[in-house]
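All remarks here apply to the structure that follows.
Read-outs: derived from the displayed coordinates by stated rules, not from any lab. Small disclaimer: the values here were computed from a predicted structure and weren't measured. Glycine gets a Cβ as well: all are built from the backbone with ideal geometry, and neighbour counts include every protein chain shown.
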Amino acid sequence: ASHTLLKHEGIHTTPQLTRSLVVANGGLGNSVSREELSAALKEMGEVESLLMPHHKPYAFVTYRCEESALKAYTHLNGQKLQYGESGVMLYLAYVNSVTYEEEASVPLPEGLVLLEDFVSPEEEALLLAAVDWSSTNEDVTAQKALKHRRVKHYGFEFRYDNNNVDKDKPLPAGIPAECLPVLERCLRNGQINVMPDQLTVNQYESGQGIPPHVDTHSAFEDTILSLSLGAKTVMEFRHPDGRVVAVVLPGRSLLVMKSESRYLWTHGITPRKFDMVPACEQQSPDHVTPEPGTRSNLTLSKRGTRTSFTFRKIRPEPCRCAFPSACDSQGAPSTLSPSTPSPPALP
Ligand code: AKG
């Protein structure tokens, strides 16, 4: 099976001993993490490089010397790599060179900015404590348990049935006071030029997400802020022409969506328990889609609980943006909903 796989993938193996091996079944696409594979390979000798292509079921390892490669071949070929509660059988073969064409790079959507460490750990704790998830105040904050996450709205309720807000029905609870220092910082720094009046707090457990959507143009003004608290996640942006950009959102970061990234690209979080993120986070922490000519250096990251604060400004007049194909004010249907409501509770 590994030979078929390698043939279909255009990988040329050689019976001669070389410093490089392809490790079939040892790829990110098989849910093997970089740390797990790397630990097993390092036991055989000094590893010069480990390449784990995006979504592929194999990896390439290059050792400093041929003796280590031989040791890896002898001890790991046909052996089970144990990870988590399961394992996978590894098949190794020598390759003359490690050649792998990366997927083409896609730049970040126009208008999208990610600001890391935007809030301190103390502010993060304060903000998380400001959200009272006990269900006694459901009407005050329009709290909902959706199929894929739980949400709370402040200022105005975002209604998932019509993807809009009742602009003349403000909620009893406005944006919590704990948010004001953060929003004032955004005003001072120029991320926004008007104070938001609507907040949606989403809480995602591992395995949960939000369907791809564009925030309804007629409901909210241009700039949308999303503050990530707790665990990191990966948000996918999709352009109508098919481009997809995956962006890592670390805890305590602020995502600013303006212009094309707010009006035309959908944003969403795929419900899953692991994300692929750069292995060395210092290098390229916010952008998973690889740069041209760079080597994949991705690893699997386990998701935890993430709470996001999405701040928006209610739009008083119809939207007159430059993206009519996605603008409900200019006749485009409001197609995608950021929610799949949970089925009614059983008695
Ligand atoms: C929404 O509530 O419409 C969102 O897109 C939330 C985004 C996030 O969780 O960062």
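Some notes on this structure:
- For segment 29-170, the tally of Lys pairs with Cα-Cα distances below 23 Å comes to 10, considering only residues 8 or more apart or on different chains.
- Of all aspartates and glutamates in the structure, those lying under 15 Å Cα to Cα from Lys302, and not within fewer than 8 positions of it along the same chain, are Glu35, Glu36, Glu85, Glu205, Asp275, Glu281.
- Residue-by-residue Karplus 3J(HN,Hα) for segment 176-185, coefficients 6.51, -1.76, 1.60, Hz, glycine and proline x: x, 4, 4, 7, 4, x, 5, 5, 5, 4
- 13 Å reach of a label modelled at Ser329, 7 Å along Cα-to-Cβ, counting backbone N of segment 152-169: none
- Taken about its Cα centre, the chain carries a charge dipole of about 560 debye when Lys and Arg each add +1 at the Cβ and Asp and Glu each add -1 at the Cβ.
- Residue-wise HN-Hα coupling along segment 35-42, computed from phi with Karplus coefficients 6.51, -1.76, 1.60 (Hz; x: Gly, Pro): 4, 5, 5, 4, 4, 5, 5, 5
- For Lys258, a cut-off of 20 angstrom between C-alpha atoms picks up these lysines, skipping any fewer than 8 places away in its own chain: Lys313.
- Under the Karplus curve 6.51 cos²θ - 1.76 cosθ + 1.60, θ = phi - 60°, whole-Hz ³J(HN,Hα) for segment 244-258, x wherever Gly or Pro sits: 10, 10, 9, 10, 6, 10, x, x, 6, 9, 10, 9, 10, 10, 10
- Amide H contacts under 5 Å for Ser253: Asp117, Phe118, Ser228, restricted to partners 5 or more places along the chain or on a different chain, H placed in the peptide plane at 1.01 Å from N.
- Taking 0.36 nm per residue of separation and subtracting the Cα-Cα distance, full extension of the segment from Ala125 to Gln16 would add 33.5 nm.
- Electrostatic bookkeeping for Glu85 treats Lys and Arg as +1 and Asp and Glu as -1; over the other residues with beta carbon under 14 Å from its beta carbon, the sum is +2.
- Segment 62-210, Cα convex hull volume normalised per residue, Å³: 251 Å³
- Here the simple spin-label model places points 7 Å from the Cα toward Cβ, and for Gln82 and Arg272 these points are separated by 2.7 nm.
- Net length gained if the chain between Ser97 and His75 were fully extended (0.36 nm per residue, minus Cα distance): 5.8 nm
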